[in-house]
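The values are calculated or read from the model by the stated rules, or taken from the named source; none is laboratory data. Values in this document were obtained by computation on a predicted structure and should not be read as measured data. Here Cβ is always computed from backbone atoms with ideal geometry, including for glycine, and neighbour counts include all displayed protein chains. The accessibility values were calculated without ligands, DNA or RNA, using every heavy atom of the protein model including side chains. Shrake-Rupley method; radii C 1.70, N 1.55, O 1.52, S 1.80 Å.
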Amino acid sequence: QVQLVESGGGLVQPGGSLRLSCAASRSIFSMSAMAWYRLAPGKQRELVAIITSGGTTNYVDSVKGRFTISRDGAENTVDLQMNSLKPEDTAVYFCKAVSRGLNTWGQGTQVTVSS
């Protein structure tokens, strides 16, 4: 089973940027899809962005135009570039891999947007 490790979270002011990275223990191209989710206090877990094995991407409406998901096959990483951050983006962000019908989650990384 693949293992995932997220990094890149932190505290940023509104309007700032952060880049999250998810490192996989094996080839990301063996996954059906890789995705970023987030969980904010008092809210349900939300799919933020997804990239399929074919390279198709999709985003939740609230981050379209601000967030970009990308992948690096050489490094086996999937990144989430987050720009124009808002306080409502504050959450724990999780990476997920889908492979052969199984979901694997990373441990999460905290993103806090606050002045």
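Remarks
- Given their separation in residues at 0.36 nm each and the Cα-Cα distance between them, F29 and N83 gain 16.8 nm when the chain is fully extended.
- At most 16 other Cβ within 10 Å, DSSP loop - trypsin sites (Lys or Arg not before Pro), segment 2-60: R26, K43, R45
- Tensor-based shape of the chain (alpha-carbon gyration tensor, a/c under 1.5 rounded, otherwise prolate or oblate): prolate
- Accessible-area order (highest first, 1.4 angstrom probe) of the listed residues D79, D61: D61, D79
- In plain terms, the chain from S53 to R19 could stretch by 10.1 nm, reckoned as 0.36 nm per residue minus the Cα-Cα distance.
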